[in-house]
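Shown next, in structure tokens, is the structure this report addresses.
The values are calculated or read from the model by the stated rules, or taken from the named source; none is laboratory data. Remember, predicted model here, so these are calculated numbers, not experimental data. For neighbour counting, all protein chains shown are included, and Cβ atoms are generated from backbone atoms with ideal geometry for every residue, glycine included.
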Ligand SMILES: Cc1cc2nc3c(=O)[nH]c(=O)nc-3n(C[C@H](O)[C@H](O)[C@H](O)COP(=O)(O)O)c2cc1C
């Protein structure tokens with residue numbers, strides 16, 4: 001299948017693995033890229049630019065296919081050395097960067113000068129349009145269904161994607177709630193050029209996270225995520241657990257008086273405990289509604305092959321069949 005995204009990124013299938021804190025290590029990124037998608041290393045999970053340089057080199061040793069690096073510009077507890085991370089990306093020969101969070105404008109010139117394609121992930125049509133205006137090569141349109149930060153507008157992909165298609169001329173992928181061939185065909189039908197998946201890729205054999213995390217996703221249904229941090233205008237979709245119930249309790253009792261310090265214990269620095277040690281109640285962690293569609297833990301190759309086979313089957317048989325009847 002060829003779309004503007006496969007052509008732009010030089011990949012076989014229009015499937016991207018979004019950057020994920022403490023999940024997007026070289027093992028997962030290389031497995032996705034080797035299976036014909038685009039794997040992405042999460043820049044900020046590496047504590048320093050030097051550590052990111054090593055992770056890029058590790059990934060390069062595991063795949064000869066294109067892969068990218070995610071740079072997330074979010075209100076973090078400490079400010080990160082973004083110029084240093086970008087230096088590691090350039091020197092590591094990475095040609096694709098996924099930006100997320102704030103507007104990446106100030107870093108675009110240096111990325112462009114070095115021949116790097118920028119996919120900006122955003123949750124609204126106005127931000128997607130802005131990304132196009134400032135010169136991003138593509139956008140990842142992240143609907144309300146998504147794991148992590150869905151923004152504050154709450155527009156699901158059934159509306160967001162066709163709206164994006166109406167406004168954008170650059171390629172875009174559908175992100176949030178994507179799991180299988182049905183998602184891919186639906187995304188293409190709504191004007192997208194491919195899909196970006198997060199939660200689905202966590203529940204794969206190669207994702208280097210604790211087995212408890214994968215089992216929690218398989219066990220979860222579409223009813224098991226919650227939105228937290230909305231009063232701080234930094235909404236995050238997470239899997240419900242003890243920490244999340246505590247956060248929601250504080251949000252209710254403190255109302256508008258809530259400050260980041262009130263919940264910091266349950267959100268800051270919790271990812272290593274959850275993802276690496278499997279302490280599933282250690283804090284809040286991103287998970288999408290799509291958990292309801294995830295029932296197994298395949299390899300990335302099995303998952304991507306299955307998505308492409310199912311998508312082709314839907315297009316050739318189901319959809320074509322509707323037209324040829326009668
Ligand atoms: C565990 C986890 C951690 C994530 N961390 C990040 C991150 O650090 N930066 C980012 O841009 N997106 C992050 N995301 C969001 C994904 O890249 C992707 O946009 C999202 O998962 C898409 O929704 P889906 O899970 O329904 O596929 C994370 C998602 C998950 C599941």
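Some points to look at:
- Of residues in the stretch 228-240 being closer than 12 Å to residue 251 by Cβ and over 17 Å from the mean Cα position of the chain (by Cα), the one surrounded by the most Cβ atoms within 10 Å (Cβ to Cβ): 228
- Selection over the stretch 132-169 of residues that are free of Cβ contacts under 8 Å to residues at least 60 places away in the same chain, more than 16 Å from the ligand (Cβ to nearest atom) and either in the same structural domain as residue 221 (by TED's automatic domain parsing) or under 17 Å from residue 111 (Cβ atoms) (or both) gives a count of 4.
- Residues being within 20 Å of residue 6 (Cα to Cα) and more than 16 Å from the ligand (Cβ to nearest atom) - total across the stretch 112-131: 4
- Filtered residues of the stretch 67-94 (kept if surrounded by fewer than 17 Cβ atoms within 10 Å (Cβ to Cβ) and closer than 21 Å to residue 15 by Cβ): none
- Residue count for the stretch 266-282, restricted to those that are loosely packed, with under 15 Cβ neighbours inside 10 Å and within 13 Å of the ligand (Cβ to nearest atom): 2.
- Positions within the stretch 95-111 being surrounded by fewer than 16 Cβ atoms within 10 Å (Cβ to Cβ), closer than 19 Å to residue 141 by Cβ and either outside the structural domain of residue 139 (by TED's automatic domain parsing) or touching a helix residue (DSSP H, G or I) at 6+ places or on another chain (Cβ under 8 Å) (or both), in sequence order: 105
- Odd one out for residue 115 among (1) more than 19 Å from the chain's Cα centre (by Cα); (2) part of a helix (DSSP H, G or I): (2)
- Helices (runs of 4 or more DSSP H) completely within the stretch 259-326 that count 1 or more residues being at pLDDT 95 or above and within 15 Å of residue 240 (Cβ to Cβ): 260-267
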